[in-house]
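*Asks:* Have a look at this one before I ask anything.
The values are calculated or read from the model by the stated rules, or taken from the named source; none is laboratory data. Given the structure is predicted, the values throughout are model-derived calculations rather than measurements. Every residue, glycine among them, receives a Cβ derived from its backbone with ideal geometry; neighbour counts consider all protein chains shown.
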Amino acid sequence: MIHIKNFLSKIECDKLIKLHTINYDKTIDLRGTKILVIDNQDIHLKKCFDYLKDLKKVNLNYGQIVQWPNGTFQSTHKDGTEKPENEAVCICYLNDDYVGGRTKINDEYIESNTGDLIFFDSKKIPHSVEKVGGKRYTLISWYNYV
């Protein structure tokens, strides 16, 4: 697993939250979350991909801005069952003014702040999100290995 502090600036994070807010009517509801699929040419996705592509030998599948409303959570799972090409995930935390909502990878909770990035093999490693109090925003991008 990779964990980079302050990968995105507060300004970049605020821009992504604003993008989600402006396009809220285009979001998809999934297990209570509100997902906005974004273009692979988005500068923030490109920043993540440019960092990861040589380090981890990955291709970008797609990206999303996800709003986790109050009370939402994700039980323990592995990715790739619905979309087998999703072998790894990059999560950038866009805010930290909520309670709970920590990502749990294996049996370890990840303490993250606004702008932090984590990357891991989500097809192999069990992970979850604890119940959110407030509103949590993340930039999520999915990858396959080359």
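*Asks:* Considering each of Asp42, Asp79 in turn, give the residue that is of a type in the set (Asp, Glu), surrounded by 13 or more Cβ atoms within 10 Å (Cβ to Cβ) and touching a residue at least 60 places away in the same chain (Cβ under 8 Å).
*Replies:* Answer to the selection: Asp79.
*Asks:* Return the residues of the stretch 99-139 that are more than 14 Å from Gln74 (Cα to Cα) and among the aliphatic types (A, V, I, L, M); say none if nothing qualifies.
*Replies:* Val99, Ile110, Leu117, Ile118, Ile125, Leu139
*Asks:* Inside the stretch 96-122, can you point out the residues that are more than 20 Å from Lys5 (Cβ to Cβ) and either at pLDDT 95 or above or touching a Leu at 6+ places or on another chain (Cβ under 6 Å) (or both)?
*Replies:* Hits for the stretch 96-122 are Val99, Gly100, Asp121, Ser122.
*Asks:* Within the group Ile28, Ile65, which residue is among the β-branched types (Val, Ile, Thr) and either at pLDDT below 95 or surrounded by 13 or more Cβ atoms within 10 Å (Cβ to Cβ) (or both)?
*Replies:* Ile65
*Asks:* Can you find, within the stretch 121-136, the residue that is nearest to the chain's Cα centre (by Cα) among those that are buried (at least 20 other Cβ atoms within 10 Å of the Cβ) and of a type in the set (A, V, I, L, M, F, W, C)?
*Replies:* Val129
*Asks:* Residue check: is Leu52 more than 19 Å from Tyr137 (Cβ to Cβ) and in a helix (DSSP H, G or I)?
*Replies:* Criteria met by Leu52.
*Asks:* Right, another one. Given the conditions (1) touching a Ser or Thr at 6+ places or on another chain (Cβ under 9 Å); (2) not in a strand (DSSP E or B), which single one is not true for Ile65?
*Replies:* It is condition (2) that Ile65 fails.
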